[in-house]
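Just so you know, all these numbers are worked out from the coordinates, no wet-lab data involved. Quick caveat, the model's predicted, so the values are computed rather than measured. For neighbour counting, all protein chains shown are included, and Cβ atoms are generated from backbone atoms with ideal geometry for every residue, glycine included.
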Amino acid sequence: MTEYNGQCLCGAVRFQATVTKKEIDCCHCDMCRRWGGGPALSVMADGPPRFEDESALGVYRSSEWGERVFCKTCGSSILWRSVDGRFHSVPAALIGDPADMPFKMEIYIEDKPAYYDFAGERTRMTGPEVIAAFGADSAPDDAKT
């Protein structure tokens, strides 16, 4: 278990996140790509991050099971979380250079545009595979059913 400090672009949002599963995952779904302007490279936190000041946070309910948290000042993407509280996914770039974390999984691979590819081997799952593995009530991303 490791504690990571993170912040948004302007510094209005600062947080600490506990991470046991030290690996980076990527989501290629349409919502994640629109949310961050590209594939979402993230780290699953053990629970909700601890924010220094929650007044700078905005929340957008992006599906029946997912919310996206952002900085109301600079617009930085801060967190994807499941409504049931099981999943908390923090953009890897917000916690500095997590050099000790390997790139392990890509999800919604069928939504990945042809103009980019990541080198290396890792687990790759389609949207239906993600929903089957994690359950439709708390899929770790905003799956399309």
Quiz prompt | In Å, descending, principal axis extents of the Cα set of the range 1-113 | solution = 38, 30, 27
Quiz item: Ratio of the range 68-116's C-alpha Rg to 2.2 N^0.38 Å, to two decimals?
Solution: 1.39
Exercise. With springs connecting C-alpha atoms under 10 Å apart, model the chain as a Gaussian network and identify which of G120, G36, G75 has the largest mean-square fluctuation.
Key: G120
Self-check item: Relative frequency of Cα-Cα separations exceeding 13 Å in the range 16-62, percent
Solution: 68 percent
Practice problem: May I ask you to compute the full-extension gain from R86 to A133, defined as 0.36 nm times their residue separation minus their alpha-carbon distance, rounded to one decimal in nm? | Solution: 15.5 nm
Self-check item: Of the GluC sites (Glu not before Pro) in the range 47-128, those whose Cβ has at most 15 other Cβ within 10 Å and which sit in DSSP loop
Solution: E52, E64, E121
